[in-house]
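Asker: This is the structure, below, for whatever I ask next.
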Amino acid sequence: MVCSVKATLQEILLRKKSSIVEKWVQRFLSYYPSESMKFLSSQKDRFANPVGYTISSSAGAIFDELVGDGDLLVSEVLLKDVVRIRAVQEFSPSKAIRFVFDLKEIMRNEIESEARDRAWREEFSDVECRIDDLALIAFDSYMESREKLFKIRIDEVKARSFETMAANGSGMNYREGSNDE
């Protein structure tokens, strides 16, 4: 489904961008334990805090694509980095992508007072439609990342089992113990 954001609402959202993105990042980080949240939000160095850096830098770019006339495929690329982090940290699917849905509430709260006199609700439904599309993309990305993670774990278990059998000299010999001889 292709949804677009009307110009009047777009202007309001772009004017409120820094506040919306800041609140969105804070909400995203609020799902972490308090000590982790403090570190992720305070440490700005990309190498000392790759998780916090990825989240903060991606949020603004995702917002721009979402509110502008951007292509959701660009948002997908940006979103994948964030969702991959959630998948590795073993968040449940619902908690991993909850941050996408949080954006609806944050935007609504930010624009409500300014847009109250306008017929913004219909326009905002287009924004919500785009956010829903992003959530679906995020879910697919989360599941793809989890599948890769599980495959890596299975391959590691197989490799360890093979190494253990080889080290113990108990390699499988299918002819041993068979009645074919």
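Asker: How many residues does region 116-160 hold that are at pLDDT below 80 and either of a type in the set (Ser, Thr, Tyr) or not in a helix (DSSP H, G or I) (or both)? Before you say what the answer is, go through the steps one by one.
Answerer: Restricting attention to region 116-160, the residues satisfying the condition of being at pLDDT below 80 are 116-123.
Among the residues that remain, those that are also either of a type in the set (Ser, Thr, Tyr) or not in a helix (DSSP H, G or I) (or both) are: 116-119.
Number of matching residues: 4.
Asker: Does residue 84 satisfy the condition of being within 15 Å of the chain's Cα centre (by Cα), under 30 Å from residue 114 (Cβ atoms) and modelled with pLDDT of 90 or more?
Answerer: No; evaluated as a whole, the condition is false for this residue.
Asker: When region 34-71 is examined, which residues are found to be over 14 Å from the mean Cα position of the chain (by Cα) and among the aliphatic types (A, V, I, L, M)?
Answerer: Within region 34-71, 37, 40, 48, 66, 67 meet the criteria.
Asker: Residue check: is residue 55 in contact (Cβ under 8 Å) with a residue 12 or more places away in the chain, in a helix (DSSP H, G or I), closer than 25 Å to residue 10 by Cβ and of a type in the set (Val, Ile, Thr)?
Answerer: Yes.
Asker: Could you go through region 14-26 and let me know if any residue there is crowded, with 16+ Cβ neighbours inside 10 Å, hydrophobic (A, V, I, L, M, F, W, C), free of Cβ contacts under 8 Å to residues at least 40 places away in the same chain and farther than 22 Å from residue 136 by Cα.
Answerer: Taking every residue of region 14-26 in turn, none turns out to be crowded, with 16+ Cβ neighbours inside 10 Å, hydrophobic (A, V, I, L, M, F, W, C), free of Cβ contacts under 8 Å to residues at least 40 places away in the same chain and farther than 22 Å from residue 136 by Cα.
The values are calculated or read from the model by the stated rules, or taken from the named source; none is laboratory data. Since we're looking at a predicted model, the values are computed, not measured. Using ideal geometry, Cβ is built from the backbone for each residue, glycine included, and neighbour counts are taken over all protein chains shown.
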